[in-house]
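Contents: one structure, followed by commentary.
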Amino acid sequence: MSDAGTQHPVAVIIGMMGAGKTRVGREVSQMMGLPFKDADIEIEREVGMTIPEYFAQYGEPAFRKVESDLIRRTLDDFGGLFALGGGAPMTPATQDALADYIDGGGRVIYLQADPKEAMERANRGGGRPMLNGGDANARWMRLFEQRDPVFDRIANVHVRTHGSTPQMAARKVMNMIEERVVHVGVVSADDYNVRIGEGAMNHLAPVLGDKPARIALIHTQPVQRHSDRARALLRQAGYEVSDIVIPDAEAGKTVTVANGVWERLGAEGFTRSDAVVGVGGGAATDLAGFVAATWMRGIRYVNCPTSLLAMVDASTGGKTGINTAAGKNLVGSFYTPAGVLADMTTLASLPNDIFIEGLGEVAKSGFISDPEILRILEEHAGELRAFDGASFLGTPLEDVVAELIERTVHVKAKHVSADLKEAGLREFLNYGHTMGHAIEKMEHFRWRHGNAVAVGMVYAAELACLLGHIDRDLVDYHRSLLASLGLPTSWNGGSFEDVLAIMHRDKKARGNKLRFVVLDGGPGRMMHLDDPPADAVEEAFRRIQH
Ligand SMILES: NC(=O)c1ccc[n+]([C@@H]2O[C@H](COP(=O)([O-])OP(=O)(O)OC[C@H]3O[C@@H](n4cnc5c(N)ncnc54)[C@H](O)[C@@H]3O)[C@@H](O)[C@H]2O)c1
Ligand SMILES: Nc1ncnc2c1ncn2[C@@H]1O[C@H](COP(=O)(O)OP(=O)(O)O)[C@@H](O)[C@H]1O
Ligand SMILES: O=C(O)C1=C[C@@H](OP(=O)(O)O)[C@@H](O)[C@H](O)C1
């Protein structure tokens, strides 16, 4: 964001008078150890008089010129938190300066206080020339009606502070500043962002936009507390919410469930301008995406993943789908979301075993593309294996997990941006899945996906080693790293013949030829392994049996 030798604010705060721009801005700067600047105070320092005096002596146009010049300068030479005066964003020159700042990666945060709370606070202590003359509340409301739509459009981050103390409001602002954003380019559809951080769900309304009137909120019972928050945010933003609870986990990924949702959408008059929001694990976001992809041949949807695996994998990339009697994910559509909001606060209720299975897909991304993921996993294996959602937020482990999520999503974004429909490169995301899916099916889906994939990666490593593509040390490293995370590295649940038959039905197979993706030399270097020798395929299977 910064040009050489210049610095830009970490965030600019705008909002109505009394919203808390100064008070909350100072709280945030203290929490983040950053300097704080209040435009009004800087202006008074520059002109050598109070703002009311300047207004009285020179009038508002002259004041707005001084103000916009100072704001433009500060945006290019200050690296802390910068709070603007209430009317500042209404000046075209300031709007241009803020647009340039956002283009450079800046955050303009609209602090959306409850009008009643802000009005009351704005009238404390006076000193606000825009409220002089007549009923201050009436003037405040008139200004709000003029300014709110403009602030809403100018800001790229929106933080509601209704009922929040300054400290609570500051925490929300800080979460928005610290959140991580991964951009996913899509060749044949609109790009979208994956937002990762506490409070990411606050982006629901800006991501959905103002077109939808109705939102189908699809979720499962175990994530009720998180879908309650999504529902409240949607209703506060003015949407009509159809609450649709589906069966949990794989039981929710069926055509019967999808049909039930289609019937609801039909009965409630959902049109192409309406939207779907999926809240839950990967099964829920798969079903929600499938319904969005098929209702009227495609309506907007936003995923709010609540499990680690859903955050790092299932919710991103546009694969939507349901299961059939013939197997998993055999019916579906490539259909990309309008956005993915991975709200870290949802992990507070995630059971340990489900967090650990998500590490399987994180490790996979390390092996296929980003060795730094492997290093982080190794360094923090003990803490990760002991994950406890109830005590997780606000600890150093939260930053470690956020980094792992961001990196893993980057790996997925790189593959899906270049190859949405899995013609080649995207198949590398299937590392460990040929055997992994066979194990899931042999276990009648009692095994969790990430666990099966972990064994599948050990299998793929053994196969690659047998054929001279990687050395024994790297195979052993697969076992030691995955085991240190609490993931399984062997399986004894069925015959080679049965597994082989299932692998021949893998979507990477071509005709009667097996196809695998394996490491070629080391982490980050992948290759397609087509039609490997039958004896190696069987020997590798023997080696994953304990
Ligand atoms: N579309 C894709 O690209 C893609 C990629 C990977 C996996 N998937 C699919 O995702 C599914 C696996 O996802 P998953 O591992 O999230 O399984 P899941 O959706 O079955 O969730 C696992 C369990 O955890 C619960 N849960 C989720 N978040 C929770 C939270 N915050 N608090 C408490 N409980 C929570 C769920 O209710 C469920 O009981 C599979 O169906 C798989 O096929 C899809
Ligand atoms: N969330 C909040 N809860 C309680 N009081 C607040 C809150 N935000 C601001 N205040 C108080 O309201 C008054 C106006 O806040 P201020 O930050 O000056 O508003 P602004 O800069 O947006 O005009 C101050 O007395 C401040 O301490
Ligand atoms: O986005 C993709 O390409 C992936 C889809 C899923 O595999 P399947 O397509 O085999 O279900 C997932 O498990 C894998 O991690 C990556």
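Taking TYR301 as meeting all but one of (1) part of a helix (DSSP H, G or I); (2) without any contact (Cβ under 8 Å) to a residue 60 or more places away in the chain; (3) more than 14 Å from ligand 3 (Cβ to nearest atom); (4) surrounded by 24 or more Cβ atoms within 10 Å (Cβ to Cβ), write down the number of the exception.
Condition not satisfied by TYR301: (1).
What helices (runs of 4 or more DSSP H), lying completely within the stretch 95-197, carry at least 3 residues that are more than 11 Å from ligand 2 (Cβ to nearest atom) and of a type in the set (D, E, K, R)?
Qualifying helices (runs of 4 or more DSSP H): 136-154.
Restricting attention to the stretch 383-406, report how many residues are free of Cβ contacts under 8 Å to residues at least 40 places away in the same chain and not acidic (Asp, Glu).
Going through the stretch 383-406 one residue at a time, the tally reaches 8.
What are the residues in the stretch 186-200 that are at pLDDT 90 or above, surrounded by fewer than 23 Cβ atoms within 10 Å (Cβ to Cβ) and out of contact with any His (no Cβ under 6 Å at 6 or more places or on another chain), if any?
Within the stretch 186-200, ASP191, TYR192 qualify.
Those residues that are in contact with a His (Cβ under 9 Å, 6 or more places away or on another chain) and more than 12 Å from ligand 3 (Cβ to nearest atom), I need them from the stretch 314-347; list them, please.
Matches in the stretch 314-347: GLY339, LEU341, ASP343, THR345, THR346.
Within the stretch 425-466, track down each residue that is more than 10 Å from ligand 3 (Cβ to nearest atom) and on the phi > 0 side of the Ramachandran plot.
The answer is HIS444, PHE445.
With respect to LEU466, determine if the residue is over 20 Å from GLY522 (Cα atoms) and either within 13 Å of ligand 1 (Cβ to nearest atom) or in contact (Cβ under 8 Å) with a residue 24 or more places away in the chain (or both).
Against the criterion (over 20 Å from GLY522 (Cα atoms) and either within 13 Å of ligand 1 (Cβ to nearest atom) or in contact (Cβ under 8 Å) with a residue 24 or more places away in the chain (or both)), LEU466 does not qualify.
Against the conditions (1) crowded, with 23+ Cβ neighbours inside 10 Å; (2) outside any strand (DSSP E or B); (3) away from ligand 1 (no atom under 16 Å from the Cβ), where does SER227 fall short? Just the number, please.
(3)
How do the pairs read when you match residues in the stretch 488-515 that are more than 19 Å from GLY424 (Cα to Cα) with residues anywhere that are of a type in the set (Lys, Arg) and loosely packed, with under 14 Cβ neighbours inside 10 Å, using Cβ under 9 Å and keeping only pairs 6 or more apart or on different chains?
Every condition considered, the pairs that remain are PHE496/ARG542.
Just to be sure before I move on: is GLY238 in contact with a helix residue (DSSP H, G or I) (Cβ under 7 Å, 6 or more places away or on another chain), closer than 30 Å to HIS162 by Cα and of a type outside the set (A, V, I, L, M, F, W, C) in the structure I sent?
For GLY238, the condition - in contact with a helix residue (DSSP H, G or I) (Cβ under 7 Å, 6 or more places away or on another chain), closer than 30 Å to HIS162 by Cα and of a type outside the set (A, V, I, L, M, F, W, C) - is not met.
Does the stretch 10-21 contain at least one residue that is surrounded by fewer than 20 Cβ atoms within 10 Å (Cβ to Cβ) and of a type in the set (Lys, Arg)?
No, the stretch 10-21 has no match at all.
Would you check which residues across the stretch 38-57 are touching a Pro at 6+ places or on another chain (Cβ under 8 Å) and buried (at least 18 other Cβ atoms within 10 Å of the Cβ) and list them?
Across the stretch 38-57, the qualifying residue is only ILE51.
Any residue at all in the stretch 142-158 that is under 28 Å from PHE55 (Cβ atoms), at pLDDT below 85 and loosely packed, with under 13 Cβ neighbours inside 10 Å?
Taking every residue of the stretch 142-158 in turn, none turns out to be under 28 Å from PHE55 (Cβ atoms), at pLDDT below 85 and loosely packed, with under 13 Cβ neighbours inside 10 Å.
With the requirement that a residue be in contact with a helix residue (DSSP H, G or I) (Cβ under 7 Å, 6 or more places away or on another chain), in a helix (DSSP H, G or I) and not β-branched (Val, Ile, Thr), what does the stretch 21-59 give you?
Scanning the stretch 21-59 gives ARG23, GLU27, MET31, MET32, ALA39, ASP40, GLU42, GLU44, GLU46, PRO52, TYR54, PHE55.
State which residue pairs qualify: first residue within 16 Å of ASP286 (Cβ to Cβ) and within 11 Å of ligand 1 (Cβ to nearest atom) and inside the stretch 333-351, second residue polar (S, T, N, Q) and part of a strand (DSSP E or B) in any location, beta carbons under 8 Å apart, and separation of 6 or more residues or different chains.
Close Cβ pairs satisfying both conditions: SER333/THR320; PHE334/THR320; TYR335/THR320; PRO337/ASN303.
The values are calculated or read from the model by the stated rules, or taken from the named source; none is laboratory data. As the structure is a prediction and not an experimental result, all values here were calculated from the model. Every residue, glycine among them, receives a Cβ derived from its backbone with ideal geometry; neighbour counts consider all protein chains shown.
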